[in-house]
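Notes follow the structure.
The values are calculated or read from the model by the stated rules, or taken from the named source; none is laboratory data. None of these values were measured; they are calculated from a predicted model. All Cβ positions, even for glycine, are placed from backbone atoms using ideal geometry, and neighbour counts span all protein chains on display. In case anyone asks, the SASA skips ligands and DNA or RNA and just uses the protein heavy atoms, side chains included. Shrake-Rupley method; radii C 1.70, N 1.55, O 1.52, S 1.80 Å.
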Amino acid sequence: MDLIKQKDSDLIRIIAEGNPESGSAFMELYRRYSGRIYRYCLFKVSIRENAEEIFQETWVKFNNAIKNGFSIENVAGYLSVIASNQIREFYRRNKNNLQEVRFEDYDWEKIVCPTDFAAGMENQELIGIIKVAVSDLDEKYREPFILNKFNEMNYAEIGEILGESTECIKKRVYRAMDMIKKTLQPYINELSNN
């Protein structure tokens with residue numbers, strides 16, 4: 001059976017039934033969703049080792065939920081909620097041992113320019129301007145924007161994580177984009193004139 005072509009619901013059924021292909025079915029779901037879940041964990045805790053621990057625990061809990069017969073209709077959303085809960089638990093457990101992750105500490109070159117072209121001075125300047133534009137956003141706009149644009153989560157998934165409606169998240173992302181465009185406009189105009 002070609003698992004790549006299977007729907008998420010079929011893969012979950014294979015895992016839940018304990019079929020011989022259940023390990024491969026789990027790996028296919030992992031292939032589909034691991035990138036975005038890992039980026040979310042890293043975005044929220046910033047320290048790679050902590051993000052990896054939370055990421056692994058998220059997948060263990062997801063696998064256990066399937067095997068315990070939980071109904072999972074939206075895999076990405078379900079994984080995101082588990083990760084969000086794990087992150088909250090992580091901060092609760094470590095509240096006395098952690099320094100607050102500062103916005104400036106994110107790896108902006110990877111977020112803004114994920115390829116090698118981020119080496120030039122002009123790109124460093126652009127990264128700086130984008131950092132300022134995004135950091136100037138109020139948290140209620142910044143987090144949905146980053147989750148949508150950099151973590152590739154859809155509005156419904158973000159809404160599940162943040163406890164907001166899909167429409168609310170959609171509006172916040174659009175407002176964030178408008179605010180960022182206004183901040184970047186002078187820089188864009190300068191580039192156009194050169």
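Cβ separations smaller than 6 Å between residues 6+ apart or across chains give the following pairs from the stretch 3-26 residues that are on the phi < 0 side of the Ramachandran plot to residues that are among the acidic types (D, E) and open to solvent by 50 Å² or more (accessible area, probe 1.4 Å): I14/E21. Would you confirm whether or not the stretch 13-24 contains a residue that is open to solvent by 60 Å² or more (accessible area, probe 1.4 Å), β-branched (V, I, T) and more than 23 Å from G159 (Cα to Cα)? No, that holds for no residue.
Among the helices (runs of 4 or more DSSP H) lying completely within the stretch 138-194, list those that include at least 2 residues that are surrounded by fewer than 16 Cβ atoms within 10 Å (Cβ to Cβ). In the stretch 138-194, 139-149, 166-193 are the helices (runs of 4 or more DSSP H) which contain 2 or more residues that are surrounded by fewer than 16 Cβ atoms within 10 Å (Cβ to Cβ). The residue that is most open to solvent (accessible area, probe 1.4 Å), counting only those in the stretch 59-78 that are under 18 Å from E17 (Cβ atoms) and small (G, A, S), is S71. The selection criterion, being touching a residue at least 40 places away in the same chain (Cβ under 8 Å), within 18 Å of G159 (Cβ to Cβ) and not in a loop (DSSP other than H, G, I, E, B), holds for L79. Taken together, the residues in the stretch 149-194 that are at pLDDT below 90 and aromatic (F, W, Y) amount to 2.
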